[in-house]
Amino acid sequence: MTTPLEPDTKDWTWVLDRACPECGFLASDVDPAGIPAALRASVPRWTEALARPDARERPEPSTWSVLEYGAHTRDVHRIFGERLRLILEEEDPQFANWDQDATAVEDRYDLQDPAVVAVELAQAAEEAAARFAGVPGDAWERPGRRSNGSVFTARTLGAYYLHDVVHHLHDVHA
């Protein structure tokens, strides 16, 4: 069994206010209308990365493999598509907690099939892209909250989510 990594306890919401020094993403540059295309454009890069012969190998014991990042990104697509649905259908919803590190261990990201993850990631990205494409113009400022109190609007949720996808492509050098 692959050794679980030390949990990431950082509050990444700061990426909404300033550029990410690691991947260069700048949330203020995100036009909500461009989110669906950006999500779709990420899929071929993930597909290529997950097809690498070493996709299962961690570059070092404390860093996820391409496979683990891909499985996480697939789940990120699912989680944020659901969070957007809640924002659009409910008044100021509170999002369910998601422990990404526990999910990685419980779902055995390290043992999943990279080809299957690539297909599932593409499907989840498309579903989330379609949901973001369907946001009415007057709904971009509808709010939702994480359990820690962080408030998002549909607009900021999209930028925050897109950063996650872009950042993990950077992590796997794709």
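Express in nm, to one decimal, how much length is gained between E127 and T63 on full extension, taking 0.36 nm for each residue of separation and deducting their alpha carbon distance.
Full extension of this stretch gives 20.2 nm more.
Mind checking the dipole of the chain: about its Cα centre, +1 per Lys or Arg Cβ, -1 per Asp or Glu Cβ, Debye to the nearest 20? Walk me through the numbers before you get to the answer.
Numbers: 17 positive and 31 negative charges, 65 e Å.
In total the dipole reaches around 320 debye.
Please name whichever of F80, A33, W140 sits farthest to the positive end of the charge dipole of the chain, dipole taken about the Cα centre and charges placed at Cβ: Lys and Arg +1, Asp and Glu -1.
It is A33, whose Cα lies furthest towards the positive end.
Quick one, which of (i) 26, 17, 15; (ii) 22, 21, 15; (iii) 37, 20, 17 is the actual semi-axes √(5λ) of the Cα gyration tensor in Å calculated for this model?
(i)
How much accessible area per residue does the range 1-122 have, in Å², with a 1.4 Å probe?
Details: 6660 Å² over 122 residues.
Ligands and nucleic acids excluded, the result is 55 Å² per residue.
Highest first, please rank the peptides 45-53, 67-75 by the mean number of other Cβ atoms sitting within 10 Å of their residues. Working shown, then result.
Numbers: 45-53: 17.1, 67-75: 24.2.
With the highest mean Cβ count within 10 Å placed first, the list reads 67-75, 45-53.
In whole percent, how big is the carbon plus sulfur part of the accessible area of the range 18-134, probe 1.4 Å, protein atoms only?
On the way: 2960 of 5880 Å².
For the range 18-134, the apolar C and S fraction of the accessible surface comes to 50 percent.
Could you work out how far the C-alpha centroid of the range 37-69 sits from that of the range 73-143, in angstrom?
The range 37-69 and the range 73-143 have Cα centres spaced 18 Å from each other.
Can you sort W14, W64 by 1.4 Å-probe accessible area, starting with the largest? Could you put the intermediate results ahead of the total?
Values: W14 55, W64 25 Å².
These residues rank, largest area first, as W14, W64.
Placing +1 at every Lys and Arg Cβ and -1 at every Asp and Glu Cβ, with all other atoms neutral, what dipole size does the range 76-174 have around its Cα centre, in debye to the nearest 20? It would help to have the intermediate numbers written out before the result.
Details: 9 positive and 18 negative charges, 62 e Å.
Computed charge dipole of the range 76-174: roughly 300 debye.
Summing -39500 (n - 2.57) over the DSSP H runs of n ≥ 4 in the chain and dividing by its residue number, what mean residue ellipticity at 222 nm do you reach, to the nearest 500 deg cm²/dmol?
On the way: 5 runs with 85 residues, N = 174.
Counting only the DSSP helices, I get -16500 deg cm²/dmol.
The values are calculated or read from the model by the stated rules, or taken from the named source; none is laboratory data. Since we're looking at a predicted model, the values are computed, not measured. Every residue, glycine as well, gets a Cβ built from its backbone with ideal geometry; the counts of neighbours run over all protein chains shown. Quick note on the areas: whole protein, heavy atoms, side chains included, nothing else; ligands and nucleic acids left out. Shrake-Rupley method; radii C 1.70, N 1.55, O 1.52, S 1.80 Å.
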